[in-house]
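Here's the structure we're looking at; comments come further down.
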Amino acid sequence: MSLTTAWVMLGLWSVALGHKVDMRYLAVQSSATISCECQDTTCQKVYWYRVRQSDGVYEHLLCYTSADAAHPSDTAMRGRLQGRKGSTKTQYTLTLSNLTREDAGWYSCAIPKQTYDDTYWLRVGEAPPTTPAPPQKTTKIPSRRPGPKLPSCCSVYQPPKGCGKWVLWPLCGGLILLTVLLVAVSFYFSRLPKKCRHQFVKTNQKR
């Protein structure tokens, strides 16, 4: 796993652990622009992703490079995303158009060599509370699930699916085989005549 991939995974892990998010109530068919700030001017790539509110599914949305090249993933939002550089050399923005209720969720970015990035909770089609809400506490974002395959410019390591059974089943099979062998040996010696068993023990003692 490359150093860039390691930093991206570290950023995703920090978001999964939970931190304060910018909550926004948006109307259906409206647009939203979210931003991500790089710590310095050396950022080469920004990875935009989301965790859907409806089912907690993780999706990579778009990879945007410092050369103004956008690489969107094959998702339902593919034609409604626009990445660009912000007002400063260290700022990147993502505009989401024609939002639907299914677009509600947590949106954020991951920047290599940066462990904390802004996160936005977009609540599409929901009305804001009529009474002042209490101070925002730490909001835990659902743990991400393996997402779709990312474009070549921004591959992110995905743990292989179904590995657990390849470890668990051989272990269980070995224990079962060992148990069967012990039972078979015990049964065999229990069927021997006493004279043969005595002679077998005596031979072993001479050795």
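Every number in this text was worked out from the coordinates using simple rules, so none of it is lab data. Note that the coordinates shown come from a computational prediction; the quantities given were computed from them, not determined experimentally.
Taking 20 Å as the straight-line reach from the Cα of K45, the aspartates and glutamates in range (excluding those fewer than 8 positions away in the same chain) are E37, E59, D68, D74, D117, D118. 3J(HN,Hα) along segment 94-106, derived from phi through the Karplus expression 6.51 cos²θ - 1.76 cosθ + 1.60 where θ = phi - 60°, amounts to 9, 9, 10, 10, 6, 5, 10, 4, 5, 7, 4, x, 9 Hz, with x in place of Gly and Pro. Computed log10 I(q)/I(0) for segment 61-106 at 0.13, 0.17, 0.23, 0.25 Å⁻¹: -0.31, -0.52, -0.85, -0.95, from the Debye equation with unit scatterers placed on every C-alpha and solvent omitted.
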